[in-house]
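Each remark here refers to the structure printed beneath this line.
Taken together, the values in this text are just the output of simple stated rules run on the coordinates, not laboratory data. Since the model is a prediction, treat every value here as computed from it, not as a measurement. Glycine also receives a Cβ, built like all others from the backbone with ideal geometry; neighbour counts cover every protein chain displayed.
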Amino acid sequence: MAILKVARLGNPVLRRPAREVPAEVVGQTDFQRFIDDMVVTMREYQGVGLAAVQVHEPIQVAVLEVADNARYPGKEAVPLSVLINPEIEPLGDETEDDWEGCLSIPDIRGQVPRYKRLRVTALDRDGNALDFVAEGFHARVIQHEVDHLRGHVYMDRMPDLTTLTYLTELARYWRNQ
Ligand code: NI
């Protein structure tokens, strides 16, 4: 397995919509190895999610996992999951604001409004159809990763940029907000 290089903001690969993964590709050894590489890369950089475009592959694959993450303390756990060709549909209009960061935008956080509940359809890494409801931080991570697969980053979703902050200033000035 290999730790992959993460594209940073400004790299055009982050701004192009990713292609759908054809069903017949899912079982291929190279594709499965790529997913393993995405998982080790996400864990290496303590991400809670990683989209394939962030590692220079413009295909619709995202991995996510939330488990005692030092970059996002106190968030509810999400088991390791692989979403291929994900589609999301908000369930209700309710949104909430919370801090987000991105491995492609190091050391910065901003408050982003996201839908609280979503219906998610996708394929898992074995090509099985998934259809589930995600809520709270889980729903937030999925919206963030699906945005990547459409060529968006979280800053695109901020109604204003006044909460953008470096991590050190977050700890110093924003701790109670
Ligand atoms: Ni990101």
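Data table
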read-out: Pair ASP126, ASP156: separation of 7 Å Cα→Cβ label points (nm); value: 3.3
read-out: Cα-based helix-to-principal-axis angle, 136-149 vs the chain, degrees rounded to 10; value: 60
read-out: About the Cα centre, charge dipole magnitude for the range 26-152 (Lys/Arg +1, Asp/Glu -1 at Cβ), debye; value: 100
read-out: Value of [θ]222 nm, deg cm²/dmol, for the chain, DSSP H segments ≥ 4, -39500 (n - 2.57) each, nearest 500; value: -6500 deg cm²/dmol
read-out: The range 1-40 shape via C-alpha gyration tensor axes, a/c threshold 1.5; value: oblate
read-out: Mean Cα-pair separation over length for the chain, i.e. relative contact order, pairs under 8 Å, 6 or more apart, %; value: 23
read-out: Set of the range 137-167 residues, backbone N closer than 11 Å to the point 7 Å along the Cα-Cβ line of TRP174; value: 161-167
read-out: Cα centroid of the range 78-105 to Cα centroid of the range 46-64, whole Å; value: 12
read-out: Exposed-site-free run, longest, the chain (rule: trypsin sites (Lys or Arg not before Pro); DSSP loop; at most 12 other C-beta within 10 Å); value: 6-174
read-out: Cα→Cβ-extended label distance, 7 Å offset, between ARG43 and ASN69, nm; value: 1.5
read-out: With Cα atoms, 0 to 90° folded angle of helix 29-44 axis to the chain main axis; value: 20
read-out: Span per principal axis, largest first, for the Cα atoms of the range 1-145 (Å); value: 39, 33, 29
read-out: Relative frequency of Cα-Cα separations exceeding 20 Å in the range 83-177, percent; value: 41
